[in-house]
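Take a look at the structure set out below.
The values are calculated or read from the model by the stated rules, or taken from the named source; none is laboratory data. Small disclaimer: the values here were computed from a predicted structure and weren't measured. As a convention, Cβ positions derive from the backbone with ideal geometry for all residues, glycine included, and neighbour counts pool all protein chains shown.
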Amino acid sequence: MEVVFLKTVTVLITVRNTSNIIKKCIDSILNLDYPKNRYKIFVVDAFSTDGTYEIIKGYGRKIILKQLKSNAPKAYNYAIKKINTELVAFTNADCVVKKNWLKEITNLFEDKEVLAVAGFTSNPPKPETKLQEIIGRELEYRYNHFPKKIVRAPDMNLCVRTNILKKFKFDESLDVSYDADFGYKVSEIGSIIYNPKAVVYHYHRATLKAYFKQQYKYANFVPMTYLKKHKTKIIGDNVSKSLMPIQISLLYLSIISILVGLIKESFNLFYFFLFILVLTYIYSTLKLFKKISDIPWFLFIFSFRNIAWNLGLIKGIFKILK
């Protein structure tokens, strides 16, 4: 019988104040169906103040634990310098990995053209709130329509050759979107493959305040990521669908038409743009809802998210103009 030697892997996570979920995350990684001598767990804590560091420290030598006051890309680059395994598998502190996750996300690297592999991000079996369920179902829909070869993937479920990580690194000026920027650069020289069998369960934001803050922050870095670095990707990719920038534009046009209407005493354009915008929300909702009670949830989330995006973009544009 031929002996198969699985790739050596470091599972890399950055954390800050995730005491409510970090134990579930770490336990799921420790219980992976993967030889214990073939993978390590490396955690970089950004000086948590809620007991997260102490929880992780309690695992002792099972985990490589470092502290660094930094954003995620800086923490990743710091850790990657110290990593000597063949691959690095990324997940987030608010994720729980499926038992066969590491086998599935590493089994395509025999092909030398494959530089990275991404997996499927799912809702947990029992989301804690209806908001988490709705957010997760919309993201699942996008993942379900990924092609086999993709241009980027979120860092919550991604595996990359270590030598590629050491070559390209993450852009430390991007608090978010650093994984998009990295993916675009890697996909220009090799393949990023999507394997839906590599599953992680993601606990999405549980409150509207936390979700608004997350989406606002994402939008802050859109101008820096797309207007300055990757202009051709602004119309959408396998993660951000083309309808998203259209919705952003329609909301801006609605607001501008109000201002113009106040001067010219005409609100016709406002109603037109708003009508088209609502149609896009309805179109997206019809693809996602499972029962009638879901419809107002999706309509609300799409409009709520779009407001966060538009406000965040304004701040992001001012940043790059300075």
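Data for the structure
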{"read-out": "Those residues of the stretch 128-137 which are buried (at least 19 other Cβ atoms within 10 Å of the Cβ) and in contact with a helix residue (DSSP H, G or I) (Cβ under 8 Å, 6 or more places away or on another chain), in sequence order", "value": "LEU131, ILE134, ILE135, ARG137"}
{"read-out": "Residues satisfying the stated conditions in the stretch 233-254, i.e. buried (at least 17 other Cβ atoms within 10 Å of the Cβ) and within 16 Å of the chain's Cα centre (by Cα)", "value": "ASP237, ASN238, VAL239, SER240, MET244"}
{"read-out": "Residue in the stretch 261-277 that is closer than 19 Å to ARG142 by Cβ and either of a type in the set (S, T, N, Q) or not in a helix (DSSP H, G or I) (or both) present", "value": "no"}
{"read-out": "Yes/no for LEU321 being out of contact with any Cys (no Cβ under 8 Å at 6 or more places or on another chain) and modelled with pLDDT of 85 or more", "value": "no"}
{"read-out": "Residues that are over 18 Å from PHE275 (Cβ atoms) and not in a loop (DSSP other than H, G, I, E, B), drawn from the stretch 285-294", "value": "LYS287, LEU288, ASP294"}
{"read-out": "Test: residue in the stretch 127-137 that is farther than 30 Å from PHE300 by Cα and touching a residue at least 40 places away in the same chain (Cβ under 8 Å)", "value": "no"}
{"read-out": "Condition met for SER173 (among the small types (Gly, Ala, Ser), surrounded by fewer than 20 Cβ atoms within 10 Å (Cβ to Cβ) and under 24 Å from LYS82 (Cβ atoms))", "value": "yes"}
{"read-out": "Subset of the stretch 201-242 that is among the basic types (Lys, Arg) and assigned to a helix (DSSP H, G or I) - its residue that is nearest to LYS126 (Cα to Cα)", "value": "LYS209"}
{"read-out": "Members of the stretch 127-171 found to be more than 30 Å from LEU286 (Cβ to Cβ), in a loop (DSSP other than H, G, I, E, B) and within 12 Å of the chain's Cα centre (by Cα), listed by number", "value": "ASP155"}
{"read-out": "Subset of the stretch 178-232 [aliphatic (A, V, I, L, M) and surrounded by 16 or more Cβ atoms within 10 Å (Cβ to Cβ)]", "value": "ALA180, VAL186, ILE192, ILE193, ALA198, VAL199, VAL200, ALA206, ALA219, VAL222, MET224"}
{"read-out": "Any hit, the stretch 164-175, residues being touching a residue at least 40 places away in the same chain (Cβ under 8 Å), within 22 Å of LYS40 (Cβ to Cβ) and touching a Phe, Trp or Tyr at 6+ places or on another chain (Cβ under 6 Å)", "value": "yes"}
{"read-out": "Qualifying positions in the stretch 172-188 - under 21 Å from GLY312 (Cβ atoms), out of contact with any Lys or Arg (no Cβ under 8 Å at 6 or more places or on another chain) and in a loop (DSSP other than H, G, I, E, B)", "value": "SER173, LEU174, SER177"}
{"read-out": "Residue in the stretch 110-118 that is of a type in the set (D, E, K, R), over 17 Å from ASN238 (Cα atoms) and free of Cβ contacts under 8 Å to residues at least 60 places away in the same chain present", "value": "yes"}
{"read-out": "Residues within the stretch 278-311 that are over 20 Å from LYS209 (Cβ atoms), among the polar types (S, T, N, Q) and surrounded by 11 or more Cβ atoms within 10 Å (Cβ to Cβ), tallied", "value": "3"}
{"read-out": "Breaking point among (1) in contact (Cβ under 8 Å) with a residue 12 or more places away in the chain; (2) within 20 Å of LYS130 (Cβ to Cβ); (3) of a type in the set (D, E, K, R), for LYS291", "value": "(1)"}
